[in-house]
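Here is the structure we will look at.
No value in this document is a laboratory result; all are computed from the given coordinates. Quick caveat, the model's predicted, so the values are computed rather than measured. Note that we place each Cβ from the backbone using ideal geometry, even for glycine, and neighbour counts take in every protein chain shown.
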Amino acid sequence: QLQASGGGLVQPGGSLRLSCAASGIIRSVNVMGWYRQVPGKQRELVASITTDGIIYYTDSVKGRFTISRDNSKNTMNLQMNSLQPEDTAVYYCNYLDFRNNYWGQGTQVTVSS
């Protein structure tokens, strides 16, 4: 089970921090990530981080977003800075291991003046 939090409304150039807490069966090797989706488009991977710290960012967020995790607490965060209107979307956290693929509930991020 994944519980996401931290979305909201922010002005362009502002910041938000998304958090995701995992519970249940958590395997020692997994990858957690943040996806986002806007109406009419496919869900896209924004950033991901493995249990040993390998990180991926989609090009559009490099230098603005920072993903992190605490393996001891099974939590993951996404610090989003310099937010732009094109970052507006529903953000979903995801947990993936060799056997399981879990999604959290979406959290809305709206960037607007």
When the chain is fully extended, how far beyond the present Cα-Cα distance does ILE25 get from THR88, taking 0.36 nm per residue of separation? 19.5 nm
Taking R0 as 35 Å, what FRET efficiency do you get between LEU96 and SER15 from their Cβ-Cβ distance, rounded to the nearest 0.05? 0.85
Among all stretches of the chain without exposed trypsin sites (Lys or Arg not before Pro) (DSSP loop, at most 13 other Cβ atoms within 10 Å), which one is longest? 1-26
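Computed over the Cα atoms, what is the radius of gyration of the stretch 47-113 divided by 2.2 N^0.38 Å, N being its residue count?
Values: Rg = 13.0 Å, N = 67, 2.2 N^0.38 = 10.9 Å.
The stretch 47-113 yields a ratio of 1.19.
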For the chain, alpha-carbon Rg relative to the globular expectation (2.2 N^0.38 Å, N residues): 1.01
Pull up all non-local amide H partners of THR88: gap of 5 or more, or a different chain, and H-to-H distance under 5 Å with H placed in the peptide plane. VAL111
